[in-house]
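**Student:** First the structure, then my questions, so here it is.
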Amino acid sequence: MPLAEESTLPSDPPLTLPLVIIGNGPSGICLSYMLSGYRPYLSPDAVHPNSILQSRLEEARHLSIHEQDLEYLSEGLEGRSTNPVAVLFDTLLHPNADFGYDYPSVLQWKLEEEHYIPHIVLGKGPPGGAWHDMEGSMLTLSLGDWMELPGLKFKDWALGKRRNLKTDRATPAEVASYYKHYIKIMGLQRNFIDNTYITSVVKPYREQEESTSQGNGVVVASEEPQIREGNDEPVLKKNWEIQGYTRAADGSHQPFCLFAEAIALATGTFDSPARLGVSGEDLPYVSHCVAEFEAAVSKGKLGGSVDPVLIVGAGLTAADAILCAYNHNIPIIHAFRRRVTDPSLIFKQLPKKLYPEYHKVYHMMCMQSHTTASNLHASYTSFPEHCVLSFKPDMKCVLQGTGGLKKVLKISMALVLIGSHPNLSFLKEQGRGLGHHPNQPITCKGNPVEIDPYTYESSKEPNLFALGPLVGDNFIRFLKGGALAITRCLETRQKNRHRLAESDGVS
């Protein structure tokens, strides 16, 4: 049965749960939804445009998708994720979406409370994760209905709430509000605990052969197990131990410790901004956060006749900063390592009609380069194929192009917006042993967590799962597949344990 209506962290004795989810963004919310007993079935009158997939679904129409062979269903499907279950579930929820079609989902959801798996979701802030920290006025990259979670259509929720219905794209503020409302309408509040900070996740007691066979893992064995029974033999634990603290409104900290049979990492990748690693990057005028730039603009610190702002990066966050500066008449120097013709630039992958503001930035990148004029342009100048060599205390930066030519530019502020990394500081060596490339930091693109593609369980550490950006699924459309795979895996293991218990009882 579910936990109490409002969850609170235990202090003594520790609570052991089947699963603890670390991270309360869209990934954690969706996983909690499915663990709470919401199960997808093929709708009675649904016909998927993919006839092969439709015939496979018809073979087990009476079963929920959780109970079916995910590898069989996803065979041959293609999409914008490298994880087959993510592609499968997105295909069921948004058939042929990448071809511009708006077909309805072929699934219907049923709440079957007997399938509830007890769990809690731990997050630093309110449900929605990083969406609460993003600029509230800019538009999201994805269409509003691609940001939605199962069982509650974004358009239905937004009806009557939005003043401007000219675009199907939503603002981050709207998306954050939608996620907070989602857990309430779905009855998930009992699973969520806010204002929690994780400091350590380990398996403190392990059998010797296990602890020595996991050399590249993230856990350590205790040499002196502290828990003993009457015969004075060590009690060997296989559960995860999660330690951390909750922060009260007055700023005080309350430590907690609990145990879980399994952990699901749903932290996203917005915690730690990526750095250039150059001299002077820690100087006061260098920032890695758009919010700090926006605060400086709102306070008028960059108004009037000022030196240009340097913006480093060629992604959408950098583009948002450029638009902010441009709209406030702040001159811009834009440096990025790629060529403007590079097909991997995100701007070249976005339809002009849906994303006119980003194509405006891309047009300036191409047409207002430092190579097209002897001097800097008044409002914006791009420096393609340039990297930052250093920042100087006298508010100057040194750029270098592909030919080795260096340029020294006077600036008023520098914004380094080249991506971000997850904060896995609570794991041994920050989870480096979990990635595809051993001993390298986990990143959503270059080194995601290596998982079994049909269970999302770590290939390096049993009973540790990961989903969302940590496994390369950066779009909300695709993170739902991870929730499906994890829930199916836990349900299958639960059934197997029950069968074993029943057979032992018979014998």
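**Student:** Could you count how many residues in the stretch 291-322 are touching a residue at least 24 places away in the same chain (Cβ under 8 Å), surrounded by fewer than 16 Cβ atoms within 10 Å (Cβ to Cβ) and aliphatic (A, V, I, L, M)?
**Tutor:** 2
**Student:** Under the condition of being in a strand (DSSP E or B) and small (G, A, S), which residue from the stretch 413-457 is nearest to P204 (Cα to Cα)? Working first, answer last.
**Tutor:** Our first condition is that a residue be in a strand (DSSP E or B); within the stretch 413-457, this holds for 413-416, 420-421, 435, 443, 447, 449, 451, 457.
Narrowing the set further to residues that are small (G, A, S) leaves 414, 420, 435.
Numbers: A414: 44, S420: 30, G435: 22 Å.
Only one residue fits best here, namely G435.
**Student:** Could you tell me whether the stretch 475-488 includes any residue that is in contact with a helix residue (DSSP H, G or I) (Cβ under 9 Å, 6 or more places away or on another chain) and not in a helix (DSSP H, G or I)?
**Tutor:** Checked the stretch 475-488: at least one residue is in contact with a helix residue (DSSP H, G or I) (Cβ under 9 Å, 6 or more places away or on another chain) and not in a helix (DSSP H, G or I).
**Student:** I would also like to ask the following. I'd like the residue in the stretch 353-372 that is of a type in the set (S, T, Y) and either closer than 12 Å to V340 by Cβ or open to solvent by 40 Å² or more (accessible area, probe 1.4 Å) (or both) and, out of all such residues, is modelled with the lowest pLDDT.
**Tutor:** Within the stretch 353-372, the match that is modelled with the lowest pLDDT is T372.
**Student:** Give the stretch 426-444 a look and list any residue that's free of Cβ contacts under 8 Å to residues at least 12 places away in the same chain and under 17 Å from the mean Cα position of the chain (by Cα), or say none.
**Tutor:** none
**Student:** Still on this structure, please answer the following. Can you confirm whether G268 is in contact (Cβ under 8 Å) with a residue 24 or more places away in the chain, open to solvent by 20 Å² or more (accessible area, probe 1.4 Å) and part of a loop (DSSP other than H, G, I, E, B)?
**Tutor:** Judged against the criteria, G268 is not a match.
**Student:** Go through the stretch 28-47 and give me each residue that's within 15 Å of E113 (Cα to Cα), out of contact with any strand residue (DSSP E or B) (no Cβ under 7 Å at 6 or more places or on another chain) and among the small types (G, A, S).
**Tutor:** Across the stretch 28-47, the qualifying residue is only S36.
**Student:** Any residue that is modelled with pLDDT of 85 or more and under 28 Å from S459 (Cα atoms) - is there at least one of those in the stretch 166-188?
**Tutor:** No; the residues of the stretch 166-188 include none that is modelled with pLDDT of 85 or more and under 28 Å from S459 (Cα atoms).
**Student:** When V398 is evaluated against the numbered criteria (1) open to solvent by less than 60 Å² (accessible area, probe 1.4 Å); (2) modelled with pLDDT under 95, which criterion, by number, is the only one it fails?
**Tutor:** So V398 meets the others, but not (2).
**Student:** With respect to the numbered conditions (1) within 16 Å of the chain's Cα centre (by Cα); (2) farther than 20 Å from P26 by Cα; (3) open to solvent by less than 10 Å² (accessible area, probe 1.4 Å), which one is the sole condition not fulfilled by E450?
**Tutor:** E450 satisfies all of (1) within 16 Å of the chain's Cα centre (by Cα); (2) farther than 20 Å from P26 by Cα; (3) open to solvent by less than 10 Å² (accessible area, probe 1.4 Å) except (3).
**Student:** Between residues in the stretch 338-360 that are farther than 17 Å from I322 by Cα and residues that are not in a loop (DSSP other than H, G, I, E, B), which pairs lie under 6 Å by C-beta distance while being six or more apart or on different chains?
**Tutor:** What qualifies is L350/Y358; K352/H359.
**Student:** Restricting the stretch 57-79 to residues that are open to solvent by less than 40 Å² (accessible area, probe 1.4 Å) and not in a loop (DSSP other than H, G, I, E, B), which is nearest to R488 (Cα to Cα)?
**Tutor:** H66
**Student:** Return the total of residues in the stretch 279-290 being open to solvent by 30 Å² or more (accessible area, probe 1.4 Å) and of a type outside the set (D, E).
**Tutor:** Count: 5.
**Student:** Looking only at the stretch 327-343, count how many residues are crowded, with 17+ Cβ neighbours inside 10 Å and outside any loop (DSSP other than H, G, I, E, B). Can you show your working first?
**Tutor:** Narrowing the stretch 327-343 to residues crowded, with 17+ Cβ neighbours inside 10 Å: 330-336, 340.
Of the ones still in play, those that are also outside any loop (DSSP other than H, G, I, E, B) are 332-335.
So the answer is 4.
**Student:** From (1) under 25 Å from the mean Cα position of the chain (by Cα); (2) among the basic types (K, R); (3) within 30 Å of E261 (Cβ to Cβ), pick out the condition that doesn't hold for K110.
**Tutor:** (1)
**Student:** A follow-up question, please. List the number of the failed condition for L470; all other conditions in (1) more than 30 Å from E292 (Cβ to Cβ); (2) in a helix (DSSP H, G or I); (3) modelled with pLDDT of 90 or more hold.
**Tutor:** Tallying (1) more than 30 Å from E292 (Cβ to Cβ); (2) in a helix (DSSP H, G or I); (3) modelled with pLDDT of 90 or more, L470 fails exactly one: (1).
**Student:** Please enumerate the residues belonging to the stretch 80-110 that are surrounded by fewer than 21 Cβ atoms within 10 Å (Cβ to Cβ), among the small types (G, A, S) and at pLDDT below 85.
**Tutor:** Hits for the stretch 80-110 are A97, G100.
**Student:** Restricting to the stretch 469-495, give me the number of residues that are more than 23 Å from Q68 (Cβ to Cβ) and open to solvent by less than 10 Å² (accessible area, probe 1.4 Å).
**Tutor:** 1
The values are calculated or read from the model by the stated rules, or taken from the named source; none is laboratory data. Since the model is a prediction, treat every value here as computed from it, not as a measurement. Note that each Cβ is placed from the backbone with ideal geometry, even for glycine, and that neighbours are counted across all protein chains shown. Keep in mind that these areas ignore ligands, DNA and RNA; they rest on the heavy atoms of the full protein, side chains included. Shrake-Rupley method; radii C 1.70, N 1.55, O 1.52, S 1.80 Å.
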